[in-house]
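Input: a single structure, listed below in structure tokens.
The values are calculated or read from the model by the stated rules, or taken from the named source; none is laboratory data. Everything quoted here is computed from the prediction, not taken from an experiment. So basically every Cβ, Gly included, is an ideal-geometry build from the backbone, and we count neighbours across all protein chains shown. Ligands, DNA and RNA are excluded from the accessible area calculation, which covers all protein heavy atoms including side chains. Shrake-Rupley method; radii C 1.70, N 1.55, O 1.52, S 1.80 Å.
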Amino acid sequence: MFASKRLGKSCPQLQDKLPPGITLVKADDFREWLMDIQVMDENPIYKGETYRLKFIFSQSYPIEAPEVVFVRNDMRPIPIHPHIYSNGIICLDLLDRQGWSPVHNVESVCVSLQSMLTSNTKNERPPGDEAFVRSNTQRPRDINFVFHDNSV
Amino acid sequence: MSSPADVDTVGGPPNSPSPLQIRASNSLNSKSHRAPLTKQPADLHLLEYVHEPDSNLVCLICHAPFDRPVQLFCAHFFCKDCLEHAWRAQHDGRKTCPTCRSSVDPDKDLRPVPKIVETMLDELLVKCPNAQAGCAWVEQRVNVHDHVMLYCEATLVECAQHDCRLHISQKDFHKGCLHYTVSCEDCHTSMMKKDLEDHQRTACANRSTNCPHCDTTLLRLHLDAHIKEACANVTIPCQGSIVGCTFTAERTQTNLHEKSCPMATMAPHFRDQQARIERNEARLEPLTRKVGILEDGLSSITNMLYPANDSSTTFPVTNPLDPNISYSFPPTNLIPTPDFRLPPASFPPVPHNESHPSQPPFDSQVHHLLTLHESLRDEVNRIANALTELDGRTNMMVINESQRTKDEMLHTNAAINGMRMQLHWLMSATLQQRNSARTSAANGSAGGSNARSTAQGAGAGAGASVARPGPIGDFPNGPLRRLSDSTRQDTKL
């Protein structure tokens, strides 16, 4: 109820005015949205690529954080970043239970991820990526990340 | 409201309220103690605002203009309810400002907002929450509560009938219970009495209505078709718009235009082509699926033929038409990147390379499998021929051999028969002698020794030794039988 009310309000707003590099792909319902983001500056790791984000909203959004992951398809790879696993799961305190705040919204999450990519200089996956991707069956919201890197 | 004669009454009101009851329910007293109980006050979060509200008056949590706002000491504003919602979800029990995360003591740090903010909020223009039900009221937000609770005729209240649990809008309250089923006289749809009037005014297909464009009066049933095909005043695009004509005007104008528009004349052909393309695409779909299934089957056959063989060197089968494969293969095998597009050259396909399961070089595999199949068939044929030949030869040999044996057996049989004949002859001769001897013995014992010597001579003549040539003179019958017995045995051996 609360979630659909707020999402219904922000949907037309989003279509009108989104920051550069962020586009709304699909928002048919109040459960799952797809967004595309691009890195706008000259960072060679991400230049010319577009990445697809999937938002899954729970009933209690925005009190509870949405589940945000990168998804892969033919045109959209998973960005290489020391905090993004190759199955698309993002390790970012903003998306975790503790780091989330109800004042965030789809747009602000996209902007945060954009800046997280822009400021990155390491062309690498997180340590232990392969093992994590192979063994992980949990949903992102149930994983307990340890946030240790304050540089991004 | 149509007169009662107009409607087919299926079930009458269970118990029409008496005039007294109606008056009682309309009187202010009764309403104040009965109706307001069931009215829902308007939820300010759900209100529709006439103008887009100033973004400074919007709560960041619910994205609606503040409802009973509070101010935190860090000068951030929220609705009271929203803030409580957010704090209830914080797991560690710590209460922080959702915007700046500074911790908050709800007893000390919640302050009322400045009066001017409240006034601005109160003056926002809103629509009545019952706008869907037909209330056109638009006023300042501060009045919405009073309007909904006291004045709005579309607010739902509980039905006047005591045992009826349904709701009815306030303006129909005095009409008594309208929750019984009637059927529309024009289109025979069943509905509740309270909905009948609305139905006849706006929805019933068999009532006449006016075309909104050309003022023709016609049945509502035909309105859509009329607007789509006949109405002269409807604005429609030129038929050639699918080819790129941008002309758009009222139907009469457009018809004139289409006579001269080359694109409009071409449009039907294009439409036909389009339809054909779509048909073909639809037909292509199952074919593609079929091919996929066949390819899967083929690859599983391949895997069966060469189980767990992922060294590419044992099967250097590549498409001879594509020399790139052999060049590109070694590096791609070492680093299997996800967007690897070139087909894997290994045969059978390496099972762990699953980034593009649908793109292995089926051409070369098919080719290879077919040739393999052909050569296998040749081999089988050859073996079958050799088998037949061998079979014939064995048969001949067996026949020859058995023929020889048969001949030999015939010979033996013949020999045995000859011997038997001889024996018979000898035996009858001996019997004769013996008979004659016995008769002579009966005549005189002098001939006894003579007969014995004759019997001994007969035994030697048959080629066998007489086993026990007992005293013949004492038992004349026994020794005779034994003699013949032993002779026959000897012949057999």
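Observations, loosely collected:
- Within segment A:43-55, the set of residues being open to solvent by less than 30 Å² (accessible area, probe 1.4 Å) and within 25 Å of residue A:102 (Cβ to Cβ) comprises A:53, A:55.
- Filtered residue count, segment A:1-33, keeping only those that are β-branched (Val, Ile, Thr) and within 11 Å of chain B (Cβ to nearest Cβ): 0
- Positions within segment B:51-86 being open to solvent by 50 Å² or more (accessible area, probe 1.4 Å), within 11 Å of another protein chain (Cβ to nearest Cβ) and either polar (S, T, N, Q) or touching a helix residue (DSSP H, G or I) at 6+ places or on another chain (Cβ under 6 Å) (or both), in sequence order: B:55
- Qualifying residue in segment A:144-152 (condition: open to solvent by less than 30 Å² (accessible area, probe 1.4 Å) and out of contact with any Cys (no Cβ under 7 Å at 6 or more places or on another chain)): no
- Residue within segment A:34-42 that is within 12 Å of chain B (Cβ to nearest Cβ), at negative phi and of a type in the set (D, E, K, R) present: no
- Residue match in segment B:29-50 (condition: modelled with pLDDT of 85 or more, under 28 Å from residue B:135 (Cβ atoms) and touching a Cys at 6+ places or on another chain (Cβ under 8 Å)): no
- One residue stands out in segment A:63-82 among those that are in contact (Cβ under 8 Å) with a residue 60 or more places away in the chain and of a type outside the set (Val, Ile, Thr): the one that is farthest from the other protein chains (Cβ to nearest Cβ), namely A:82.
- Evaluating residue A:36 against the criteria (1) open to solvent by less than 60 Å² (accessible area, probe 1.4 Å); (2) in a loop (DSSP other than H, G, I, E, B); (3) within 21 Å of residue A:84 (Cα to Cα) leaves one unmet condition, (2).
- Within segment A:93-119, the set of residues being assigned to a loop (DSSP other than H, G, I, E, B) and open to solvent by 30 Å² or more (accessible area, probe 1.4 Å) comprises A:97, A:98, A:104, A:105, A:119.
- Those residues of segment B:168-183 which are touching a residue at least 40 places away in the same chain (Cβ under 8 Å) and surrounded by 15 or more Cβ atoms within 10 Å (Cβ to Cβ), in sequence order: B:170, B:173, B:176, B:177, B:178, B:180, B:182, B:183
- Once segment A:56-78 is narrowed to residues that are in contact with a helix residue (DSSP H, G or I) (Cβ under 7 Å, 6 or more places away or on another chain) and crowded, with 21+ Cβ neighbours inside 10 Å, the residue that is nearest to residue A:3 (Cα to Cα) is A:61.
- Applying the condition of being charged (D, E, K, R) and part of a helix (DSSP H, G or I) to segment B:120-143 and asking which residue is farthest from residue B:154 (Cα to Cα) yields B:122.
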